[in-house]
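Below: one structure, written as structure tokens.
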Amino acid sequence: MYLERKIDSELEIWKQLPIRKPLMIRGARQVGKSSAVKNLATKFKYFVEINFDENPSYSTIFEKDLDPISICEQLSVITNTPIVAGETLLFFDEVQSCIPAISSLRYFYEKMPHLHLIAAGSLLEFALSEIPSFGVGRVRSIFMYPLSFEEFLLANKENGLLEVLNNATTQKGLSEIVHQKIKTYLKKFLIIGGMPEAVKSYISKGDMLETQRILDDLILSIQADFAKYKNRVNPARIREVFNAVVQQVGTKFSYSYPNSTLSNVQIKEALTLLEMAGLVYSVTHSASNGIPIGAEINPKKRKILLFDTGIFQRILGLNIAQLLIEDDFNIINKGNIAELFVGLELIKNTSCYEKTHLYYWQRESKNSQAEVDYVIQKQDKIIPIEVKAGTKGAMQSMYLFLEEKKSDFGMRLSLENFSEMDKIKIYPFYAVKNVLN
């Protein structure tokens, strides 16, 4: 079973280009990179997959010569498959295991620009950090994440429901029956998350308990990978910081978390490695006085998001029955899973050709404590987004931001239907894509 992904359309556009750069798909382990490439391969006459993890011997081809023509001749003989420009898709999988193969990509663009070549790898960022100028201007990167909520609806064959959602606005909301139906899917998605294996299991079997077991397997796999991050860093350190991130989702990350055994420097190092692996994302404080938002950040103030809600709820052991039933997530993990979901959707629904940076705003003074969960930039406007874990909640921080920054309006995301009040546009959690569009 192949799950339709938004990246499919981007791969199709790349395929049709008369001259193209080699494509590098970057993202965490098991988010569907290889599956997307193999789906694209069905549109080619020939497909050559070189997996450097499964067959380390392939690396010897790249150790002596990086000439693309010579490389293709040897790979064609070894795989007994023609490598013909326009007819063959050549795929370097787990390419982080062969640094010379990464270096060779730039020469493919220079000497064989008509060949369709894709490279992917789950720990690719570590390899790229060793060759930072590997292919500037000669290799195109696409960033891939676990399934978005939109992709989850597509996996459930809810194309009509998705079309209705995409057309909804704060002036024209959804009927209550449609709103409730989408909300039910949202709650399931929070529990299952966007990891393709977990989603496939639920779609094919409809067994939520089996899905939880698959999430357990994925968590063990993620933790086993810690040993591969950097030889000089003890995996136990990374595991400790990873667990600290899970516990602190929704709050400013504190280096003095309970039972910490590490120095600030060691914690920062582990956070960097986890971010490079695509397992966590930073939300950085910004003064938000003007654009670009990233011009006035305070890197010492950061929230850290885990990369998937399913993995998050499983590690914390949240009550999934409560998640399915309740309309107020405040009583579940203090509503932090709602803020996590919104942040992840902001990342997944922006351009796949660049790394998305998230920001929040906080005002700390003796007489006034205020925080806006996310701040985004649309054209020349700065828009504050406040996440409410239920259907009610005060908006003091939002109004303070609007007054102080002279912003035209703000956005509130909650379990409510689409609507407006004063200077606030209200969107349901499940409509983050509508917010961005």
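The values are calculated or read from the model by the stated rules, or taken from the named source; none is laboratory data. Quantities reported herein were computed from a predicted structural model and do not represent experimental measurements. Ideal geometry is used to build each Cβ from the backbone, glycine not excepted, and the neighbour counts take in all protein chains shown.
Find the residue count for segment 98-115, including only residues that are within 30 Å of Asp225 (Cα to Cα) and crowded, with 22+ Cβ neighbours inside 10 Å.
Taking segment 98-115 as the starting set, the residues that turn out to be within 30 Å of Asp225 (Cα to Cα) are 98-106.
Next, from what is left, pick out any that are crowded, with 22+ Cβ neighbours inside 10 Å: 98, 101-102, 104-105.
Residues meeting the conditions: 5.
For a quick check of your reading: which helices (runs of 4 or more DSSP H) sit entirely within segment 106-215 and have at least 3 residues that are under 23 Å from Ala321 (Cβ atoms)? Full working, then the answer.
Details: elements: 124-130, 149-155, 159-166, 176-192, 196-205.
Here the list reads 149-155, 176-192, 196-205.
A quick yes/no check of all residues on (1) of a type outside the set (Phe, Trp, Tyr); (2) surrounded by 15 or more Cβ atoms within 10 Å (Cβ to Cβ); (3) modelled with pLDDT of 95 or more:
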site: Ile7; (1), (2), (3): yes, yes, yes
site: Val37; (1), (2), (3): yes, yes, yes
site: Tyr46; (1), (2), (3): no, yes, yes
site: Ile50; (1), (2), (3): yes, yes, yes
site: Asn55; (1), (2), (3): yes, no, no
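Among the numbered criteria (1) modelled with pLDDT of 95 or more; (2) within 20 Å of Met1 (Cα to Cα), which single criterion is violated by Gly206?
Against the list (1) modelled with pLDDT of 95 or more; (2) within 20 Å of Met1 (Cα to Cα), Gly206 comes up short only on (1).
Determine which member of the set Glu416, Glu371, Glu345 is in contact with a Phe, Trp or Tyr (Cβ under 9 Å, 6 or more places away or on another chain), under 30 Å from Met195 (Cα atoms) and either outside the structural domain of Gln313 (by TED's automatic domain parsing) or not in a helix (DSSP H, G or I) (or both).
Selected residue: Glu416, the only one of Glu416, Glu371, Glu345 that is in contact with a Phe, Trp or Tyr (Cβ under 9 Å, 6 or more places away or on another chain), under 30 Å from Met195 (Cα atoms) and either outside the structural domain of Gln313 (by TED's automatic domain parsing) or not in a helix (DSSP H, G or I) (or both).
List pairs: first in segment 304-324 and of a type in the set (Phe, Trp, Tyr), second outside any helix (DSSP H, G or I), Cβ under 7 Å, 6+ apart or cross-chain?
Phe307/Ala28; Phe307/Pro146; Phe307/Gly278; Phe307/Leu279; Phe307/Val280; Phe307/Tyr281; Phe312/Val249; Phe312/Leu306
I need the full set of residues from segment 129-152 which are in contact with a helix residue (DSSP H, G or I) (Cβ under 8 Å, 6 or more places away or on another chain), more than 24 Å from Glu4 (Cβ to Cβ) and surrounded by fewer than 21 Cβ atoms within 10 Å (Cβ to Cβ), in order please.
Result: Ser129, Glu130, Ile131, Phe134, Arg138, Val139.
Please work out which one of (1) over 27 Å from Val199 (Cα atoms); (2) under 23 Å from the mean Cα position of the chain (by Cα) is the condition Thr169 fails and give its number.
For Thr169, the exception is condition (2).
Run down Gln362, Gln377 and say which single residue is touching a Pro at 6+ places or on another chain (Cβ under 8 Å), assigned to a strand (DSSP E or B), over 21 Å from Glu150 (Cβ atoms) and modelled with pLDDT under 95. Lay out the reasoning, then the answer.
Details: Gln362 fails: touching a Pro at 6+ places or on another chain (Cβ under 8 Å).
After applying the criteria, what remains is Gln377.
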